[in-house]
Amino acid sequence: MSRIFNADHGLMRWRKSRTWVIACLIILCALEISGCSMMGKPPTEALANAELGLRAASEARAAEFAPMDLQSAREKLEGSKQAMAAKRY
């Protein structure tokens, strides 16, 4: 059996993926805006989760497979800790 090439199929897939990306961006923006309404509370839970994630990555040998990413995550976590100590959240 021969397959008939449909040029519109690739375009439809691109449009569907583009729709999903736009939908995800809208949801992320809504979450970001709603997060701004909680600005009075320190993000201790988020900081603790970040520390746990960093520890798990270290135990999973991330330093061996992705050393730059691990270092970047450590620097960002340290910056977050400093910002939290200065009450910039």
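The values are calculated or read from the model by the stated rules, or taken from the named source; none is laboratory data. Please read all numbers here as calculations on a predicted model, not as lab measurements. Using ideal geometry, Cβ is built from the backbone for each residue, glycine included, and neighbour counts are taken over all protein chains shown.
Could you tell me how many of the residues in the range 55-89 are among the hydrophobic types (A, V, I, L, M, F, W, C) and under 16 Å from the mean Cα position of the chain (by Cα)?
Here is the first cut: in the range 55-89, the ones among the hydrophobic types (A, V, I, L, M, F, W, C) are 56-57, 60, 62-63, 65-66, 68, 70, 73, 77, 83-86.
So of that shortlist, the ones also under 16 Å from the mean Cα position of the chain (by Cα) come out as 57, 70, 73, 77.
Count: 4.
Surrounded by 10 or more Cβ atoms within 10 Å (Cβ to Cβ), at pLDDT below 85 and of a type outside the set (Val, Ile, Thr), is that true of Leu28?
Judged against the criteria, Leu28 is a match.
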